[in-house]
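A short write-up of the structure that comes next.
Computed from the coordinates by the stated procedures, all read-outs in this text should not be read as laboratory data. The shown structure was predicted, so the numbers you read here are calculated from the model rather than taken from an experiment.
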Amino acid sequence: MSAVADSIRRGLEQAIAYVDGTAAEGDYRVHIPERIDVKAIRAKLDMTQEEFAGRFGFSVNTLRHWEQGSRQPEGPTRAYLLVIDRAPKAVQEALRPA
């Protein structure tokens, strides 16, 4: 088997183990981008700043700072925004009162 094919096979096996929950925690890393385009996420959801902030638990002031580029969200907040971007309905459902 070629080195490229072997690398692809290993990658697929690792991906399957991650999805199955059988991968050892040290075998993978979660990638959280350094910069998040908060304005693009909000625009994609077609929400005003007030709606977005209220729906997902941010202050409007903080949201404005992110969108103007004067501040960037930190680690856990970047991860949360990434989830909002990729699965907004799931986040909104999880945040809905029980």
Length gained if Asp37 through Arg55 is fully extended, taking 0.36 nm per residue and subtracting the Cα-Cα distance, is 4.7 nm
Only Cα pairs within less than 10 Å get springs; with that Gaussian network setup on the chain, which residue of Leu81, Leu45, Leu12 has the largest fluctuation?
Leu12
